[in-house]
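This report concerns only the one structure given below.
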Amino acid sequence: FQSGTEMDFDCLKQVGLRAVAIAVTGMALPIGLSVLIFGVGFPQYSLFPEALTAGCALAPTSVGVAVSLLVELNQVSTPLGQTIVASAALDDVLSLVLLIALVNVSEGADATSIILVLVFGLAFLAVGVGLIGMKLA
């Protein structure tokens, strides 16, 4: 809950693209490494759903822990602190959208419902970013 109150919208304008890049990387690396490790080290398991599930479980960042540490170190108001807060929040949203899509796939959902989950999740994120952008303008 505290992470939203610690966002400096003026600073977010400066760190926005960097935070998005870090969030995407922070989501992609655990998933990619999980697929690689399962593929090489555990061939008895399939890449789907086991490796993707493990990667999706490891991908979210703990925004609460990050904010608590940054507040304790008096770094939350710095550009680096704002980059960490923004990227952790984006990473969590992206990871949850992907995890929901993965659950739908594993439950045998049809392609349309899986695409809808991804589209609505990304639309939610886009609206949020757009609202923040309007506040920054």
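Every read-out reported here was derived from the displayed coordinates using simple, explicitly stated rules and does not represent laboratory data. This one's a predicted model, so the numbers in the text were calculated from it and none came from an experiment. Glycine gets a Cβ as well: all are built from the backbone with ideal geometry, and neighbour counts include every protein chain shown.
Every helix of 4 or more DSSP H residues in the chain counts as -39500 (n - 2.57), and over all residues that averages to -26500 deg cm²/dmol at 222 nm. Pairs of alpha carbons in the range 65-137 separated by more than 18 Å make up 54% of all such pairs.
Taking every alpha-carbon pair under 8 Å whose residues sit at least 6 apart, the range 65-137 reaches a relative contact order of 23 percent. Every Cα-Cα pair of the range 43-101 was included, and the share exceeding 13 Å stands at 64 percent. Go ahead and run the numbers for FRET between residue 48 and residue 21, Cβ-Cβ distance against an R0 of 22 Å, rounding to 0.05. About 0.25, to the nearest 0.05.
What the Cα atoms of the chain give is an Rg and a Dmax of 16.7, 53 Å. Within the shell defined by Cβ-Cβ distances under 14 Å, the residues around residue 56 carry a net charge of -3, with Lys and Arg each +1 and Asp and Glu each -1.
Mean sequence separation of contacting Cα pairs (under 8 Å, at least six apart), scaled by the length of the chain, corresponds to a relative contact order of 31 percent. A simple spin-label model places pseudo-atoms 7 Å from Cα toward Cβ; at residue 77 and residue 62 they are separated by 2.6 nm.
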